[in-house]
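Working notes, beginning with the structure itself.
The values are calculated or read from the model by the stated rules, or taken from the named source; none is laboratory data. Predicted model, so just to flag it, every value in this text is computed and none were measured. Ideal geometry is used to build each Cβ from the backbone, glycine not excepted, and the neighbour counts take in all protein chains shown.
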Amino acid sequence: MPDPEYLLLVIYTSRDEYEPEVSLMATRLRFGADEWDFPSPLLDTPGANDHAPLLADDRGMLRLFWGNPQAEGHYPFNMTASADSGATWGEVQLPSVTGPVGDLDKPQPINTFLDKMTLSGARERIARKSYIRALNNANPGFDKAMARAKADPSWRTYDVACGHDVMVDMPERLAEILLEVA
């Protein structure tokens, strides 16, 4: 990083670092400053535990790696990069998996069924929303959500004939959908 500027990433946003809504915050001690900036959100994977960030300086390109260790269906880690000392970050990249994904099929944490969820209404302000339904994963809750999405013109819906891990079962189709909705 140019000049002696420091970037700190490990600020957990919950009481326990293994809760599913953990996101990462960042703060910066700017060159010549006496105090750190107020922490601000850096990344947040909805419904996942953003965890264990690793920041590496690759000849001036900052590379950030982090994991979602207890999130069902997630890759073991994610990555992004910054060419401007962490002021802005590129798109989140997923690892290219060429072999079996491994034992990521873990039981759902019980609190996802017990904790009440509070909706802020922010989702309704998003003009373009997409719902991908993996048809080979029988789940009445997902079926109800898909029916609601199909009835709402602000949603694009996609049926894919595979199991819950679309990125493993049908990565090409998922890539097509993501490019279409981007």
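In segment 150-164, the residues that are more than 13 Å from residue 177 (Cβ to Cβ) reach residues that are β-branched (Val, Ile, Thr) and assigned to a strand (DSSP E or B) with C-beta atoms within less than 8 angstrom, at least six apart or across chains, in these pairs: 150/157. Of the residues examined, residue 141 is one that is assigned to a helix (DSSP H, G or I), among the small types (Gly, Ala, Ser) and modelled with pLDDT of 75 or more. Counting only strands (runs of 3 or more DSSP E) that sit wholly inside segment 19-91, those with at least 2 residues that are at pLDDT 85 or above are 61-67, 78-82.
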